[in-house]
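The values are calculated or read from the model by the stated rules, or taken from the named source; none is laboratory data. Here the structure is a predicted model, which is why all the values come from computation and not from measurement. Don't worry about glycine lacking a Cβ; one is built from the backbone with ideal geometry, like all the others, and counts go over all protein chains shown. When the accessible area is computed, the model is the full protein with side chains, heavy atoms only, and any ligands, DNA or RNA have been set aside. Shrake-Rupley method; radii C 1.70, N 1.55, O 1.52, S 1.80 Å.
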Amino acid sequence: RGRVRSFVFAPDGRRFAAVHDDAVTQVHDLDAPSASRLLRYERPVFCAAWSPDGRVLVTGSHDGLHAWDATTCAELAPIERGGAVCAARFEDDGPGLLLAGWRGDGKKHSTAVWRRALDAGEPSWCWRVDPLSVGHTLDWASIAARGEDRVVVLDCRGGTHTLDARTGALRAETPPLS
């Protein structure tokens, strides 16, 4: 088994998902350790997030976002295609997902953060970063939300980007620590 990139507990505190760098996610049940399940991919997996009710697990990978039935581990549907999802988080109070990664239109990819519903076709907003304006392409390390008003994204270089959760507008940026 490859090294663990991240892990996240389900809301029930009984199950957790461990994302490995060898294109595998393991779903563990602390009450039944021998019942662990494997979710396999063709490309690397970066992150996982549980829905607030614990019924759905989403995983972000190099080929997009996938939704899984958290009980059976059957894939419900590929949700997002055309880019990579590096960080994912469900909103605390609803079905909304906050995602960070690379979005593409088939010809060009850009670093982005976006909000979408699990069952909707298009994001409700998308904040794109022009690599020329920051001097490099950002790789996302983590995404968090504070209440209904802010989304904070940490890039791999240690910089933060605070966005308005309703509109996706940039509120503030903090450069990486030197």
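For the reader, a short list of remarks on this structure follows.
- The residue of the range 50-87 that is nearest to Asp31 (Cα to Cα), among those that are hydroxyl-bearing (Ser, Thr, Tyr) and open to solvent by 20 Å² or more (accessible area, probe 1.4 Å), is Thr71.
- Residues of the range 38-75 satisfying the condition of being aromatic (Phe, Trp, Tyr) and assigned to a strand (DSSP E or B): Phe46, Trp50, Trp68
- Hits in the range 14-68 - residues which are among the acidic types (Asp, Glu) and farther than 22 Å from Asp92 by Cβ: Asp21, Asp22, Asp29, Asp31, Glu42, Asp63
- Reported count of residues in the range 23-57, each being in contact (Cβ under 8 Å) with a residue 40 or more places away in the chain and in contact with a strand residue (DSSP E or B) (Cβ under 8 Å, 6 or more places away or on another chain), is 12.
- Within the range 1-38, restricting attention to residues that are in contact with a Phe, Trp or Tyr (Cβ under 6 Å, 6 or more places away or on another chain) and at pLDDT below 90, the residue that is most open to solvent (accessible area, probe 1.4 Å) is Phe7.
- Qualifying residue in the range 10-22 (condition: under 16 Å from Thr71 (Cβ atoms) and basic (Lys, Arg)): yes
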